[in-house]
1. With a Cα-only, solvent-free Debye model of segment 240-293, what are the log10 I(q)/I(0) values at q = 0.25 Å⁻¹?
2. Mind sorting LEU248, LEU163 by how few other Cβ atoms lie within 10 Å of their own Cβ, fewest first?
3. Okay, which of segment 309-327 sit inside 16 Å, backbone N to the point 7 Å along the Cα-Cβ direction of LYS224?
4. Among TYR300, TYR68, TYR141, rank each residue by its count of other Cβ atoms within 10 Å, from fewest to most, as a rough exposure measure.
5. Taking R0 as 35 Å, what's the FRET efficiency between ASP323 and LYS236 from their Cβ-Cβ distance, rounded to 0.05?
6. In which sequence would MET56, MET90 go, from the one with the fewest C-beta neighbours within 10 Å to the one with the most?
7. I want to check the label-to-label distance for TRP275 and GLU43. Put each point 7 Å from Cα in the C-beta direction and report it in nm to one decimal.
8. Assuming 0.36 nm per residue, please report the length gained on full extension of the stretch SER209 to LYS110 beyond their Cα-Cα distance.
Amino acid sequence: MKKIFFLFLFLSQLVFSQEQIVKSVLLDSVTVTGVKEGFDVDEFIHYVKTDTTFYMSFKYLRYFSHKYESELNIFNKKGETIGILKKWGMYYSDNKNAWVVDDSIFDEGKIYTKKVMRMIRKNQDTTSSIYAQINKLEGRYKYYTPEAFDEVFFPADTIGVSLKISNGNNENESQNMRDAKTVGFSVGSDDTEQNKGKVSRKLAVFDISMQQYYDYKIDTTTYKGKNCYSFIVGVKKHLSKKDLKKALVRKIVSYFDKENFNVIYREYVFSYKHWLIDLDMQVIVHTDYFRNKHIPTDIYYKGFWNVPFFKAERAEFKLKLWDYRLD
């Protein structure tokens, strides 16, 4: 009986949360006309929360061969570039396994660790154990940011691929990767296993407790010649500094193709200051269609983060993806 009561309470909260959002959604004049003609705001919000098209576009990225070009810039406190890493190459996939072949890599400045050189200076001994240590450290990044992007886009080893949407229990993925996928592909979800500083709840922009900090707006726009609905979640204007600190997600912008409701553009802006964590990030993803497949074409990241046991990092990352081979 107690379980049934809590289940009923949980479902009631979900329904109430949905109703509250629908009541607070701001509509432009064009969309208001659409509502009169049968546009259902409640259904639209439900679709936003349950959308899988954005996730599938990234599944296609992993599943199909394509060319890539990337550029990573590392900055110091003054905003000056102190490291550059560029890559050009081919991502190969046989629809079961995938691997990356870099055609060219260019680096300049502070990208790779200097530990190797320090070891050489300290140890003139040329024993095999010293060389083994040097080989182990060879090519290691000085920063975590390029490691993170390598894990997502440039895996060092062959990986398995499929078009099946996983349940998030992939044992080969790090916890950080699973949480990043949840945040990136499920708008407003708090289904993250890490909950330091109640961070996961702060990601749930549709939760009743978080709705007081946000405006929700449905609009219409044109993107790459396609008619779209835009859905914008943004922090309310004139929030106090105290309340602003509670809104980790500052903005989420999604463009839905009116023809099929695929998410063909998305932008995230995060800002969070906690005594343990300090971050400011912007992520923009552009997608397009190729032979009826919905695929990412350009990804942009710019951000700053400072967490315990790591040096603060400021970076910008640009990734261009093209020539998909949909065999």
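Here, each number is a calculation from the coordinates, and none is a lab measurement. On a predicted model such as this, the values are computed, not experimentally measured, just so you know. Here the Cβ is made from the backbone with ideal geometry for all residues, glycine too, and neighbour counts use every protein chain on show.
1. Reported log10 I(q)/I(0), two decimals: -0.95.
2. Ranked by crowding around the Cβ, least crowded first: LEU163, LEU248.
3. 319-326
4. Listing TYR300, TYR68, TYR141 from fewest to most nearby Cβ atoms yields TYR300, TYR141, TYR68.
5. Result of the calculation: an efficiency of 0.20.
6. Values: MET56 19, MET90 15.
Ascending number of Cβ neighbours within 10 Å: MET90, MET56.
7. My value for the distance between the label points is 5.0 nm.
8. Values: separation 99, 0.36 × 99 = 35.64 nm, distance 4.31 nm.
Length difference between fully extended and current span is 31.3 nm.
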